[in-house]
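One structure is given here, and the rest of the page talks about it.
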Amino acid sequence: MSGTLSDVRVPKAATTAPDTGPAPADRPVARRVRRRLGPGRRIPFGRLLGPVLLVAAWWGASALGVLDPRILSGPGAVLGTARDLVADGRLQDSALISLQRAGLGLLFGVGAGVVLAVVAGLSRLGEYLVDGPLQIKRAIPALAMLPLLILWLGIGEQMKITVIALGVAVNMYINTYASLTGIDSRHVELAESLELSRWQFLRKVVVPGSLPGFFVGLRLAVTSSWLGLIVVEQINATSGIGYMMFQAQQYAQTDVIIVGLVVYGVFGFLSDALVRAIEGKVLAWRRTLAS
């Protein structure tokens, strides 16, 4: 019978699977673009962008007459004043004295802060003796102690350097101590299991573990030294950038005051960049968002 199902011819195209191209293993895999969540690549000298834009805005506002030169001198007038101050030697002499004060205060403050942090961080007795007074000192600004320091030390260089060093020491202590006490206790247990000596423990566990906090404290300490310098140089000082600015205030010389502020700002920016560079070299083994 010609009408049976076995005799029915199924079209060839209907029995075969549709052609969907090569097997999945043979297909080229579309590369997915990974989405970046970090801050991105570094741009050389990118940190200068903000200050350059700030100066450009200042220049533009001054050129358009938005800024009253009697209140805030323009960049051109400030550059001219800086050139005159350099020509008669006042600017470099004042800057040298200010650098010396800030450097000595920073040196003594960093040394004292690190020593106190090590004593408090590696010894329970040292913690009990040192941490309490340092926390009290932390709540008392160095400037609040200025009247007492003037009575004790007078108004000379010793008082100025002491005020700067006190602010620096507290910043160094707080950050270094926090970094020391934050070392993972499993690292200490591992050092005890390996029977490391005290010196090996300090060199292989304590120093690497405390360096990140040390550099954070150092950056804050550098900033603190400039802040302390600005204050002490405007109190009974007879030299330095602050004294030059104080004298300019008597004669309403805003251009000279701006020159002093720019010098302070440049010193602060360069010193912070230097600490950042040293930190990057010393902590090159770390992979962080900042690296």
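The values are calculated or read from the model by the stated rules, or taken from the named source; none is laboratory data. These numbers come from a predicted model, not from an experiment. All Cβ positions, glycine included, derive from the backbone under ideal geometry; neighbour counts span all protein chains shown. With ligands, DNA and RNA removed, areas are computed over all heavy atoms of the protein, side chains included. Shrake-Rupley method; radii C 1.70, N 1.55, O 1.52, S 1.80 Å.
Divide the volume of the convex hull of the Cα atoms of the chain by its number of residues and quote the answer in cubic angstrom per residue. Working shown, then result.
On the way: hull volume 91.7 nm³, N = 291.
Cα-based convex hull of the chain, divided per residue, equals 315 Å³.
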Worksheet item: Roughly how many Å² of F269 are accessible to a 1.4 Å probe, to the nearest 10?
Response: 80
Worksheet item: Which three semi-axes in whole Å describe the equivalent ellipsoid of segment 178-291, each the square root of 5 times a Cα gyration tensor eigenvalue, listed largest first?
Response: 44, 15, 9
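Over all directions, what mean area does the Cα convex hull of segment 249-291 project, stated in square nanometres?
Mean projected area for segment 249-291: 3.8 nm², to one decimal.
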Fill in: Residue-wise HN-Hα coupling along segment 80-95, computed from phi with Karplus coefficients 6.51, -1.76, 1.60 (Hz; x: Gly, Pro)
x, 5, 4, 5, 5, 5, 5, 4, 8, x, 5, 5, 5, 5, 5, 5
Item to complete: Enumerate the calculated ³J(HN,Hα) couplings along segment 261-273 in order (Karplus 6.51 cos²θ - 1.76 cosθ + 1.60, θ = phi - 60°), each rounded to whole Hz, writing x wherever the residue is Gly or Pro.
Response: 5, 5, 5, 4, x, 5, 4, x, 5, 5, 5, 5, 5
Worksheet item: How large is the accessible surface per residue of segment 54-121, computed with a 1.4 Å probe and reported in Å² as a whole number?
Response: 57
Worksheet entry | Eligible aspartates and glutamates near K160 by straight Cα distance, threshold 17 Å, same-chain separation 8 or greater | E233
Fill in: For q = 0.16, 0.24 Å⁻¹, Debye-computed log10 I/I(0) when each Cα of segment 72-146 counts as one equal scatterer
-0.76, -1.08
Worksheet item: Using 0.36 nm per residue, how much length does the chain from I136 to V282 gain when fully extended, once their Cα-Cα distance is taken away?
Response: 49.3 nm
Worksheet entry | Binned Cα-Cα distance frequencies in segment 48-113 - 10 Å width, integer % | 18, 27, 31, 19, 5, 0
Worksheet item: For all pairs of alpha-carbon atoms in segment 93-216, what percent lies in each bin of width 10 Å, listed from the first bin to the last filled one?
Response: 13, 35, 29, 15, 7, 1
Discussion item. Give the aspartates and glutamates whose C-alpha is closer than 15 Å to that of K204, dropping any in the same chain fewer than 8 places away, or say none.
Written reply: D184, E189, E192, E195
Worksheet, complete the sentence: With all protein chains present, the chain has a carbon and sulfur share of its accessible area (1.4 Å probe) in percent of 65
Fill in: For segment 217-276, accessible area per residue (1.4 Å probe, heavy atoms of protein chains only), Å²
45
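Order 106-118, 239-251 from most to least packed using the mean count of other Cβ atoms within 10 Å. Could the numbers behind the result be given before it?
Details: 106-118: 20.7, 239-251: 18.1.
So the peptides 106-118, 239-251, ranked by packing, come out 106-118, 239-251.
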Item to complete: In nm, give the distance between the simple-model label positions of V86 and H187, each being 7 Å from the Cα along the Cα-to-Cβ direction.
Response: 4.6
